[in-house]
Amino acid sequence: MNATNYNITIYSTALFSTWINVEELSLLIDAGDGVTAGLLQKARKIKNVFITHPDRDYLNGLPQFVQLNARADYPIIHYPKDAGSFPAMQAYLSKFDPHVIDTKWIGIEDGQITTIKKGYEIQAIRNEHIQSPIGIHKSLSYKLYETKEKLKPELQHLKPCQLSRIE
């Protein structure tokens, strides 16, 4: 069995900054103050950013991150859909720096599954860090899934062209 190794950088200074980067998945979870400086050139490789909730220590680094790393269709910012801070931040950034308009902002909710790369999905899970009525999404946790397609042992000897003919 092949093991996958991941370079995971986690930074947390309570009340100031929290963020997690999974380099091989081009993934950032939360974007506290200093995230861009902490990641240096690796920040440019990030495609998906998932923000758990709108507390300052989880999103204060997001404006600079977006401004310095905006490119066609990236980064994609996923956030709890009912947290109003994110549409306000998007509006401000697009007025402040027009080259960030290609950044995608996607509000997500409990149970939603997002494919971040072939074989990798993130599921949003409601949490109560910010109290809100059921159906209102202001704070989410995320669960990362890796899925692999495996061939039945009796098919493993076949070539790709032979496999494509099997229904």
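The values are calculated or read from the model by the stated rules, or taken from the named source; none is laboratory data. The structure presented is a predicted model; accordingly, all values stated were derived computationally and were not measured. Using ideal geometry, Cβ is built from the backbone for each residue, glycine included, and neighbour counts are taken over all protein chains shown.
Couple of notes before you dig in:
- Candidates in region 12-56 are the residues that are under 30 Å from S132 (Cβ atoms) and among the acidic types (D, E); of these, the one that is surrounded by the fewest Cβ atoms within 10 Å (Cβ to Cβ) is D55.
- Pair list, Cβ under 6 Å, 6 or more apart: region 59-75 residue farther than 25 Å from A14 by Cβ, other residue hydroxyl-bearing (S, T, Y) and outside any loop (DSSP other than H, G, I, E, B): L68/T36
- Residue ID - farthest from G61 (Cα to Cα), chosen from residues in region 93-116 that are of a type in the set (S, T, Y) and in contact (Cβ under 8 Å) with a residue 24 or more places away in the chain: T114
- Subset of region 14-24 [in a strand (DSSP E or B) and out of contact with any Asp or Glu (no Cβ under 6 Å at 6 or more places or on another chain)]: I20, N21, V22
- Qualifying helices (runs of 4 or more DSSP H) (wholly inside region 25-104; at least 2 residues being closer than 21 Å to N127 by Cα): 56-59, 85-96
- Listed by first and then second residue, the pairs linking a residue in region 43-58 that is in contact (Cβ under 8 Å) with a residue 12 or more places away in the chain and closer than 13 Å to L25 by Cα to a residue that is among the hydroxyl-bearing types (S, T, Y) and part of a loop (DSSP other than H, G, I, E, B), with Cβ atoms under 8 Å apart and 6 or more places separating them unless they lie on different chains, are K45/S26; I46/S26; K47/S26; N48/S26.
- Taken together, the residues in region 118-167 that are closer than 17 Å to D82 by Cα and loosely packed, with under 10 Cβ neighbours inside 10 Å amount to 5.
- Among (1) at pLDDT below 95; (2) over 16 Å from the mean Cα position of the chain (by Cα), the one test that T9 misses: (2)
- Filter pass, I166 being out of contact with any Lys or Arg (no Cβ under 6 Å at 6 or more places or on another chain), in a loop (DSSP other than H, G, I, E, B) and among the hydrophobic types (A, V, I, L, M, F, W, C): yes
Okay, residues lined up against (1) at pLDDT below 90; (2) out of contact with any helix residue (DSSP H, G or I) (no Cβ under 9 Å at 6 or more places or on another chain); (3) loosely packed, with under 14 Cβ neighbours inside 10 Å:
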| site | (1), (2), (3) |
| --- | --- |
| Q67 | no, no, no |
| I77 | no, no, no |
| P80 | no, no, no |
| G84 | no, yes, yes |
| A88 | no, yes, yes |
| A91 | no, yes, yes |
| P98 | yes, yes, yes |
| T103 | no, no, no |
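- Qualifying residue in region 111-132 (condition: touching a helix residue (DSSP H, G or I) at 6+ places or on another chain (Cβ under 9 Å), over 21 Å from T36 (Cβ atoms) and among the hydroxyl-bearing types (S, T, Y)): yes
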